[in-house]
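Worksheet for the structure shown next.
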Amino acid sequence: MNRVNKLKRYWARKDDAKEYFKWIIDYTKPYIPQLGLLLSFDLIATLLSVGMAIIGKTMIDNASEGNLSELASIITIYVLVIVGGQSLAIISNLVSTVVYEKFGFGIRKKVYRRILDTCWLDISKYHTGDLMTRLTSDVSAVSDGISSTIPTIIRLVVELLVTFFTLAYYDVRLALFALLVAPITMIASFWLGKKIKYLQVKVQESESKYRSFMQESLANILIEKSFCLEDYSEEKLTKLRDERIYWVFKKNRTNMYASAAMGLSFQIGYIVAFAWGAICIANKTITFGTMTIFLQLVNRIQSPIVGLAQVVPRLISMLASAGRIIEIQDLPKEEYKGLTIRNENVGVKISHVSFGYSDELVFDDASIEIKPGEVVALVGRSGIGKTTLVRLIMAFTKNMKGSIAFYNSYGEEIDSSPDARHFIAYVPQGNTLFSGTIRENILIGREDATEDEIIAALDSAAALDFVNELQNGIDTVIGEKGVGISEGQAQRLSIARALIRNAPFLILDEATSSLDEATELRVLDGIRNWDPAPTCLVITHRKSILKYCNREIQIADKKMREAI
Ligand SMILES: Nc1ncnc2c1ncn2[C@@H]1O[C@H](COP(=O)(O)OP(=O)(O)OP(=O)(O)O)[C@@H](O)[C@H]1O
Ligand SMILES: [Mg+2]
């Protein structure tokens with residue numbers, strides 16, 4: 001029974017490797033011509049070096065026979081081959097710099113885009129530090145692997161074959177002798193391979209933790225200072241670094257063992273071959289020329305074998321990193337259906353919706369309708385599900401039962417999907433500004449908005465006064481998460497960013513919570529008078545907003561109902 005399980009696991013792993021290779025090939029396809037060019041440079045260099053060994057043999061054999069007449073032409077060829085080899089190395093180096101850069105970025109761009117296209121609920125479970133590690137360090141391991149490890153393997157195999165057959169041409173026994181080292185290296189790399197894969201995953205996981213901690217700590221530096229956490233954080237970072245060092249050390253140690261074992265067998269192989277050659281010379285079964293070519297080629301035949309064995313750990317590390325990227329790619333993708341309805345007078349019908357992030361439901365058979373043109377307040381105690389309802393409306397979640405459909409006054413209707421976001425403007429809870437100028441932030445709402453439209457949006461969000469007072473006006477640069485302006489000012493800029501979208505459905509999630517009452521009323525007036533007037537869903541804890549709304553919906557007991 002145990003053996004059956006072992007066998008099953010073995011096959012499952014084989015399938016994994018197949019999937020990884022398939023994934024790698026998909027990414028490599030567009031770059032095959034460039035990588036092929038680099039590979040052909042490598043192969044030519046290999047042929048040139050074997051050629052040099054043959055020229056060397058001819059030279060020595062001619063000399064030992066006292067035949068010096070062709071020496072000049074042989075030396076000329078020798079020099080030409082050396083110059084050719086050097087020039088090729090320079091060209092190959094320059095081309096490879098460009099190809100590797102482009103190739104690495106090509107993969108990174110695709111993985112980045114895939115993260116953006118992944119269902120929000122799934123991807124939000126990953127720490128951004130972890131995602132960054134996958135995007136940078138894991139992608140680098142894969143792209144380096146494809147652009148250098150795989151071509152290296154091909155080159156080494158070709159080198160091995162060419163050298164073996166050249167040697168066999170002069171003396172088959174010598175050729176076989178030179179291969180003595182192969183079985184040892186094969187066994188060593190197979191045995192160590194499994195361990196190295198496991199260690200690579202551990203290294204990358206510890207890298208993710210380390211990075212996530214630093215990223216979060218730097219983003220919340222104010223909290224670190226307020227709670228006097230400087231020493232504690234430094235200690236924590238040191239602990240995480242120690243964990244990382246532990247795995248890096250273990251992985252490198254295993255790599256070193258592998259290299260040392262192979263190096264040793266290489267040396268032994270060389271000595272044995274040398275002694276064998278000496279015996280052959282003594283018996284006069286080979287010439288001095290053959291001995292020279294043998295000594296050169298024995299080196300060349302063993303180095304690809306050892307090289308291959310050393311490349312195996314790199315290949316395995318690459319597969320482990322590919323696995324971490326594939327894990328992200330296996331998350332469900334959001335599906336755009338390309339469906340939309342005319343962008344006017346949009347309402348939403350929520351029917352018999354049940355949803356929970358886990359088995360615990362947030363909504364259980366909840367229904368409500370928001371009609372076109374209405375301004376509806378959504379109230380309920382903290383943690384009851386207001387933001388969750390927005391996520392359902394905007395199709396950020398999955399596994400929802402029931403239906404959410406948008407419709408317009410033309411009688412057109414579509415189910416909620418990522419496409420619906422095209423006609424929704426959303427002001428989320430919290431500070432969601434990007435670093436950059438105020439103008440850049442507003443243009444996120446609609447990139448082709450004119451200067452006048454930007455001013456109008458700022459005015460309606462009661463932000464124009466304070467923006468005009470800034471030294472650089474709308475070109476003032478604000479920092480990460482709105483550093484440099486107040487919370488209430490950031491909220492007004494977020495509202496302006498949403499208004500300029502001219503979307504027929506506007507969602508405000510406690511978007512005015514930091515404003516004083518007078519400013520809040522100005523903002524609400526601005527939104528109501530915005531042309532084209534959107535249907536509004538306003539989430540709020542404040543009574544003052546209610547008088548601006550046509551209706552009030554309350555969430556309680558996992559249902560939605562009209563508040564009385
Ligand atoms: N990403 C998530 N994963 C798991 N559970 C979540 C997630 N987001 C929210 N929840 C849970 O779902 C419930 C509803 O949360 P939600 O954010 O919708 O509340 P809310 O009404 O918007 O609260 P608040 O007024 O404080 O913003 C809460 O119990 C919360 O713990
Ligand atoms: Mg909320």
ask   = Whats the longest run of the chain with zero chymotrypsin sites (Phe, Trp or Tyr not before Pro) that are DSSP loop and have at most 14 other Cβ atoms within 10 Å?
value = 1-226
request  = Tally the DSSP beta bridges in the chain and give the antiparallel ones as a percent, rounded to 5.
outcome  = 55
ask   = Along the charge dipole of the stretch 222-363, Cβ charges K/R +1 and D/E -1, which of Phe363, Gly263, Leu297 sits furthest on the positive end?
value = Leu297
Gain on full stretching of the segment that runs from Trp191 to Tyr232 - 0.36 nm per residue minus C-alpha separation = 10.6 nm
inquiry  = Taking the alpha-carbon distance from Lys102 and a cut-off under 23 Å, which lysines remain once sequence neighbours fewer than 8 residues away in the same chain are dropped?
reply    = Lys22, Lys29, Lys110
request  = Take every Cα pair under 8 Å in the chain that's 6+ residues apart, average their separations, divide by the length, and report that relative contact order as a whole percent.
outcome  = 15
note = Note on the chain: helices (DSSP H) long enough, at least 30 Å by alpha carbon along their axis, and hydrophobic enough, mean Kyte-Doolittle at least -0.5, are 32-64, 71-117, 150-170, 182-219, 230-282, 288-329
request  = Can you spot the aspartates and glutamates whose alpha carbon is less than 15 Å from Lys337's alpha carbon? Ignore those fewer than 8 places along the same chain.
outcome  = Asp117, Glu413, Asp415, Asp419
request  = Give me the Debye-computed log₁₀ of I(q)/I(0) at q = 0.08, 0.12, 0.17 Å⁻¹ for the stretch 347-562, equal point scatterers on Cα only, no solvent, two decimals.
outcome  = -0.28, -0.63, -1.18
key: Loop-exposed GluC sites (Glu not before Pro) per DSSP, neighbour cap 16 Cβ within 10 angstrom, longest uninterrupted part of the chain   = 71-334
query = Taking the Cβ-Cβ separation of Lys110 and His541 as r and a Förster radius of 56 Å, what is the calculated FRET efficiency to the nearest 0.05?
reply = 0.85
Loop-located trypsin sites (Lys or Arg not before Pro) in the stretch 383-445, at most 14 other Cβ atoms within 10 Å (DSSP) = Lys398
task = Please state the charge dipole magnitude for the chain, taken about the Cα centre, from unit charges on C-beta atoms (+1 on K and R, -1 on D and E), reported in debye and rounded to the nearest 20.
result = 2700
key: MRE, 222 nm, helices only [DSSP H, n ≥ 4, -39500 (n - 2.57), over the chain, to nearest 500]   = -21000 deg cm²/dmol
remark   = The long-range amide H neighbours of Gly402, using H built 1.01 Å from N in the peptide plane and a cut-off of under 5 Å, are Ser354
query = Taking the inverse of the average 1/r across all pairs of different Cα atoms in the chain, what Kirkwood radius in Å do you get?
reply = 29.5
inquiry  = Please give me, ordered by residue number, the trypsin sites (Lys or Arg not before Pro) of the stretch 242-328 that lie in loop per DSSP and have at most 13 other Cβ atoms within 10 Å.
reply    = Lys284
request  = For the stretch 504-564 and the stretch 155-169, write down the distance between their C-alpha centroids in whole Å.
outcome  = 77
note = Taking a crude spin-label model, label points 7 Å out from Cα along the C-beta direction, the Leu37 to Met256 distance in nm is 4.1
remark   = Whole-Å distance linking the alpha carbon centroid of the stretch 253-310 with that of the stretch 340-416 is 73
message = Looking only at the stretch 347-562, where both bridge partners belong to it, what percent of the DSSP beta bridges are antiparallel (to the nearest 5)?
response = 55
note = Rg from C-alpha atoms of the stretch 78-181, normalised by the globular rule of thumb 2.2 N^0.38 Å, equals 1.69
request  = Only Lys, Arg, Asp and Glu count, each charged at its Cβ (+1, +1, -1, -1), so figure out the dipole size of the stretch 347-562 about its Cα centre, rounded to 20 debye.
outcome  = 680
ask   = Between Thr340 and Leu222, what FRET efficiency follows from the Cβ-Cβ distance if R0 is 51 Å, with the result rounded to 0.05?
value = 0.75
message = Quick query: amide H of Thr535 versus all other amide H atoms, modeled in the peptide plane; which residues come in under 5 Å with a sequence gap of 5 or more or a different chain?
response = Val346, Gly373, Phe505, Leu506
inquiry  = Could you check the spin-label model distance between Lys102 and Ile90? Points 7 Å from the Cα along Cα→Cβ, value in nm.
reply    = 2.2
query = Taking amide H positions as placed 1.01 Å from N in the peptide plane, with prolines and chain starts having none, which residues 5 or more places from Ala563, or on another chain, fall under 5 Å of its amide H?
reply = Glu552, Ile553, Gln554
note = the stretch 265-418: Kirkwood hydrodynamic radius (Cα pairs, Å) comes out at 22.4
note = Phi angles of the stretch 347-353, converted by Karplus (6.51 cos²θ - 1.76 cosθ + 1.60, θ = phi - 60°) into ³J(HN,Hα) in whole Hz with x for Gly and Pro, give x, 9, 10, 10, 10, 6, 7
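Read-outs: derived from the displayed coordinates by stated rules, not from any lab. Source: prediction; values computed, not measured. Neighbour counts are summed over all protein chains in view; Cβ atoms, including those assigned to glycine, are modelled from backbone coordinates with ideal geometry.
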